[in-house]
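We did not get these values from a lab; they are worked out from the coordinates using the rules stated. For clarity, every value in this text was computed on a predicted model and none was experimentally measured. As a convention, Cβ positions derive from the backbone with ideal geometry for all residues, glycine included, and neighbour counts pool all protein chains shown.
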Amino acid sequence: MKKLIAIAIFVFAGFAVQAQETARIEFKSEVIDYGEIQKGSDGVRVFEFTNTGNVPLVITDVTSSCGCTIPEKPKDPIAPG
C-alpha cells in the first residue's frame, strides 16, 4: 500500500512539473559565420530568435566564444511568439 501511495505521488509530481509554464528560445540559426570582413565595415550581425514558450522570455546574460565580438542582449522581456 505504501509503495502504491509513493508511486501516485511521483506520478502527480511529474504531471505538475510538465504543466509549468516556461519560456523557450528557438534560433533561426545558431551559428553566424563572419567569413572575411572588409576593412572599415562594422561587422554587425544579428541572431534572430523566437520565444516559442507561453510566458515572457528574459535574457540575463550573453557571451561570445571569442574576445573579438561584443554581444548585446535585449533589455526588455521577449513576449511569446
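Calculate, in nm to one decimal, what K28 and F49 gain on full extension: separation in residues at 0.36 nm each, minus their alpha carbon distance.
Details: separation 21, 0.36 × 21 = 7.56 nm, distance 0.56 nm.
So the extension gain works out to 7.0 nm.
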Which cross-chain or sequence-distant (5 or more) residues have an amide H under 5 Å from the amide H of F49, H modelled 1.01 Å from N in plane? K28
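Cβ under 12 Å from V58's Cβ, V58 left aside: what net charge do those residues give with Lys, Arg +1 and Asp, Glu -1? Each step should come with its number before you reach the end.
On the way: positive: K73, K75; negative: D61, D76.
Net of charged neighbours comes to 0.
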Return the long-range amide H neighbours of I25 (sequence gap of 5 or more, or a different chain), with a cut-off of under 5 Å between placed amide H atoms. T52
For L57, enumerate residues with amide H under 5 Å from its amide H, sequence gap 5+ or separate chain, H modeled in the peptide plane. I78, A79
